Structures are given as structure tokens and as C-alpha cells.
Amino acid sequence: MTIGKLYIISAPSGAGKTSLVKHLIVDVPDLTVSISHTTRQMRPGETHGLDYYFLSTEEFQLMQTKGAFLEHAQVFDNFYGTAQQTVAANLNQGKDVILEIDWQGAEQIKKLLPKCLSIFILPPSTEVLLQRLRKRGQDDEQIIARRMRDAVTEISHHAEFDYLVVNDDFALALTELKSIIIANRLTLQRQANRLQPLLASLLQ
């Protein structure tokens with residue numbers, strides 16, 4: 001069986017990463033998102049084990065001590081981490097896996113798994129990013145101002161990624177993400193194994 005491909009998708013808060021990924025995994029077969037662990041509070045509409053695994057700081061630190069995380073980072077006042085066991089299980093089943101993580105986590109993953117591919121999603125402008133953060137209605141103005149400042153830091157790391165996608169037109173951005181996944185599934189390395197019976201018959 002072909003081993004799946006690991007994709008990192010990063011973006012500043014409000015760029016639309018989560019919405020794009022939700023549509024992406026519906027439209028593309030054998031593609032899944034690794035559910036992260038976090039110590040932040042659950043937001044309205046979120047579900048434990050579906051959006052995140054919500055942990056106490058003590059539970060998170062215990063997992064960290066046991067070496068359970070492939071990567072982990074502190075974002076604002078909360079901790080986030082990706083469990084390596086879950087990622088490995090999906091990849092070994094031939095599924096492509098998406099990690100929704102920030103540039104700090106991406107840096108850690110690339111050192112451990114240099115063959116992964118990374119995608120950074122950009123907003124079309126600072127003004128649009130600010131509008132989206134306000135429209136979400138999740139944060140007060142002080143938090144929004146902090147997210148805008150952190151967005152500059154996030155975006156400053158864009159050159160460390162393999163692909164850049166601008167989320168101005170949602171449908172176009174989604175198509176571009178699909179194109180990246182599909183194109184990488186058609187590489188010689190992945191196709192040669194999957195198409196071995198066909199190639200053998202064609203070469204007789």
C-alpha cells in the first residue's frame with residue numbers, strides 16, 4: 001500500500017484556513033485532518049474530538065512529557081499539539097493527512113518529516129482580514145488587535161512554505177488547494193506503485 005502524504009496548512013487567524021480545509025476534506029477522497037489537542041476553551045458550536053481534543057494544561061503537559069506530540073506550540077495563552085500516533089496511523093493507511101498548525105509547528109514538523117508539503121494561506125488584504133475577524137464575533141477589540149499584530153509575524157514566515165494560496169475568492173482558493181493535493185498524487189513515485197499492474201500489462 002502507498003503511504004499517504006503529509007500536508008501542513010498554516011495561515012494567520014481570520015484568513016479562512018479552517019473553512020477551506022473543511023470543504024477540502026469533503027471534496028477530496030482519502031484526505032483527513034489530524035485533530036489537534038489544545039488547552040484553549042471550547043467555542044460555541046465546537047465538539048470535543050471533532051474540532052479539537054480539549055485538555056487541561058496539566059493533561060497537555062503530561063502528554064508532552066511522554067513525548068506524545070509530533071509538534072507543539074504556544075499560541076496566545078494556550079497550547080496546541082499534534083499527536084504523532086494519530087498521524088502515523090492515517091499515513092500508514094494510505095490517507096493524505098492535513099495538519100492545521102502555525103509556523104512554529106510547521107518548523108518542527110519539517111525537521112522531523114522533511115518530505116511533507118506546506119501551504120500558507122494569505123488574506124487578500126489587511127483590511128479584509130480585520131473585517132473577517134470582527135465578523136466572526138468571537139473576540140473583543142483588544143483580542144482582535146492582538147491577532148492582527150500576530151498576523152504580521154505569521155505572514156513574515158510565508159517564504160518558509162512550499163505553496164502560497166490567497167483566499168480572496170473562496171471557490172478559487174479551494175480549487176487551488178485541491179489542485180495541489182491532486183497534482184502530488186500523480187507524481188511518478190506515488191503512481192508507479194498504484195499503477196504497477198497496468199504498467200506491467202502495457203509493457204508486455
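Read-outs: derived from the displayed coordinates by stated rules, not from any lab. What you are looking at is a predicted structure, and each value in this text was computed from that prediction instead of being measured. Don't worry about glycine lacking a Cβ; one is built from the backbone with ideal geometry, like all the others, and counts go over all protein chains shown.
Fully extending the segment from Lys66 to Lys178, taken as 0.36 nm per residue of separation minus the present Cα-Cα distance, adds 36.7 nm. Dipole of the range 41-127 computed with +1 at Lys/Arg Cβ and -1 at Asp/Glu Cβ about the Cα centre; of Trp103, Phe69, Gln93, farthest Cα towards the positive end is Gln93. Rounded to the nearest 10 degrees, the angle from helix 170-185 to the longest Cα principal axis of the chain is 40 degrees. Computed from point charges on the beta carbon alone (+1 for Lys and Arg, -1 for Asp and Glu), the dipole magnitude for the range 1-69 about its Cα centre is near 160 Debye.
Once the trypsin sites (Lys or Arg not before Pro) in DSSP loops with at most 11 neighbouring Cβ atoms within 10 Å are cut out of the chain, the longest remaining piece is 116-204.
Taking neighbour Cβ counts within 10 Å as the exposure measure, how do Leu55, Leu198 sort from fewest upward? Walk me through the numbers on the way to the answer.
On the way: Leu55 18, Leu198 10.
Lowest to highest Cβ neighbour count: Leu198, Leu55.
In the chain, the longest principal axis of the Cα atoms and the axis of helix 17-27 are about 30 degrees apart. Seen against the Cα atoms of the chain and their longest principal axis, helix 126-136 is set at about 80 degrees. By the gyration tensor of its Cα atoms, with a ≥ b ≥ c the square roots of the eigenvalues, what is the shape of the range 59-119: rounded for a/c under 1.5, prolate for a/b over b/c, or oblate? Oblate, because a/c is 1.5 or more while a/b does not exceed b/c.
In this calculation the C-beta distance from Thr18 to Gln204 is compared with R0 = 41 Å, giving a FRET efficiency of 0.25.
Please give the contour-minus-distance gain from Leu112 to His158: 0.36 nm per residue of separation, less the Cα-Cα distance, rounded to one decimal in nm. Walk me through the intermediate numbers first.
On the way: separation 46, 0.36 × 46 = 16.56 nm, distance 1.96 nm.
Stretched fully, the Leu112-His158 segment lengthens by 14.6 nm.
Using R0 = 22 Å, the C-beta based FRET efficiency linking Glu141 and Gln74 works out to 0.45. For the chain, the normalised intensity computed at q = 0.14, 0.17, 0.19 Å⁻¹ comes to -0.87, -1.26, -1.55 (log10 of I(q)/I(0), Debye sum over alpha carbons, equal scatterers, no solvent).
Charges were assigned to the Cβ only: +1 to each Lys and Arg, -1 to each Asp and Glu. The resulting dipole of the chain about its Cα centre is roughly 520 debye.
Longer than 22 Å from Cα to Cα, which of Lys115/Lys178; Lys17/Lys135; Lys5/Lys110; Lys110/Lys135 are they? Say none if no pair is. Beyond 22 Å between Cα atoms: Lys110/Lys135.
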